[in-house]
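Worksheet for the structure shown next.
We did not get these values from a lab; they are worked out from the coordinates using the rules stated. This structure is a prediction, so every number in the text was calculated from the model and none was measured. Glycine also receives a Cβ, built like all others from the backbone with ideal geometry; neighbour counts cover every protein chain displayed.
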Amino acid sequence: MRLKTTAKLALPLLMLTPSVSAVDLCHVANAGFLIKGENASVLIDGLMVEDQYDGRFALPSDEMVGSMMAKSDLFENLAIVASTHRHGDHFDPKATLQNLRKTEGVRYAVPEDALPTLEANGMEDADRNRLFIVEAGPQNSFEHAGVSVETFDVDHGPNMPQNVGYRITVDNVSFFHTGDINASRSQLSAAGVNALPVDVLIIPFWYGLQDPAQQQTMRDSWAYRRIAPTHFNPKPQPWMERFGGLEGVKTLVADTHEDALISTREGECTTID
């Protein structure tokens, strides 16, 4: 199923302030999160099994992957699985097809340029019919199980794959996951990301870190309440040493973004209301 652009309808004034329920934002691994609502949840960039990077990026534990496959525990009301781009620390085609075939009622949003990796792993027509294929280009949107999803082009950088930014609204609480971002203000503006209101902006920790221009781009592009930095490296990297290792990097991020939601522990959840 290919996404089609949907027109925005004017709503009566009384519809502009809907009641808001508490929603949990749960860390899975690397840039992967579960947005857990009362009746439906969205897993984004968290369905991964194969390590393609020698431990540089975190993967969910076997126990957590088992819960994903069984739709149990945190994932009992899983409704949507979304992937921002086809890099192996965000998307695993084998695990995606395995999960798709084990679950019912779950839909999968994937960038169009990730399709060849699914086809190379034996995707069939029945599998393809479960997909929302996000084409590069204008903003698109879809709804499933009461969850609203809007998609935006977010530049990953030169010679990088298509990267989809998702604004996901669950129980009237909104989240924007940027995927991996190297976008300028002009690129985001052209993609329709202009003071976009979101409760939580999920963005790689490096974007805006010690860079006032990128910090201004964030403020101009999203009207966010809180930031959830992602993509912390669990395996020590040489560049971390000058900041005091991982904990030092996390401290620097916390000092940069007021009231940041910093989580690197699997299954750690924060209630957003």
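General observations
- Based on Cα contacts under 8 Å between residues 6+ apart, the chain shows a relative contact order of 20 percent.
- Sparse-neighbour loop sites [chymotrypsin sites (Phe, Trp or Tyr not before Pro); region 38-122; at most 16 other C-beta within 10 Å; DSSP]: Y53
- With q set to 0.16, 0.17, 0.18, 0.21 Å⁻¹, the log10 of I(q)/I(0) for region 78-198, from the Debye formula over equal scatterers at the Cα positions, is -0.76, -0.86, -0.95, -1.24.
- Share of pairwise Cα separations in the chain, more than 30 Å, in percent: 24 percent
- Converting phi to 3J(HN,Hα) with the Karplus coefficients 6.51, -1.76 and 1.60 and the offset θ = phi - 60°, region 245-259 yields x, 4, 5, x, 4, 4, 5, 4, 5, 4, 6, 7, 10, 4, 6 Hz in sequence order, with x at every glycine or proline.
- Among the listed pairs K36/K235; K71/K94; K94/K250; K71/K250, those whose Cα-Cα separation exceeds 26 Å are K36/K235; K94/K250; K71/K250.
- Counting only the Cα atoms, region 94-135 fills a convex hull of 61 Å³ per residue.
- Only beta bridges with both residues in the chain are counted; by DSSP, about 55 percent of them are antiparallel.
- Measuring between their Cα centroids, region 27-71 and region 96-153 lie 16 Å from each other.
- More than 19 angstrom apart: percent of Cα pairs within region 213-273: 40 percent
- nm² value of the averaged projected area, convex hull over the Cα atoms of region 187-232: 3.2 nm²
- Between S67, H87, N182, the Cα set farthest toward the positive side of the dipole of the chain (charges on each charged residue's Cβ, about the Cα centre) is that of N182.
- Given 12 as the ceiling on other Cβ atoms within 10 Å, longest exposed-site-free region of the chain for trypsin sites (Lys or Arg not before Pro) in DSSP loops: 9-264
- A protection proxy built from the mean count of other Cβ atoms within 10 Å ranks the segments 139-149, 172-182, most packed first, as 172-182, 139-149.
- Rg over Rh, two decimals, region 18-100 (C-alpha only, Kirkwood Rh): 0.98
- Just checking the listed ones, G88, G46, G248: in the Gaussian network model of the chain with Cα springs under 10 Å, the one fluctuating most is G248.
- Put simply, the amide H of A58, placed in the peptide plane, has neighbours under 5 Å in N30, leaving out anything fewer than 5 places away on its chain.
- Restricting region 64-117 to GluC sites (Glu not before Pro) that sit in a DSSP loop and have at most 15 other Cβ atoms within 10 Å of their own Cβ leaves E76, E104.
- Largest to smallest principal axis extent of the C-alpha atoms in region 147-231, angstrom: 35, 26, 24
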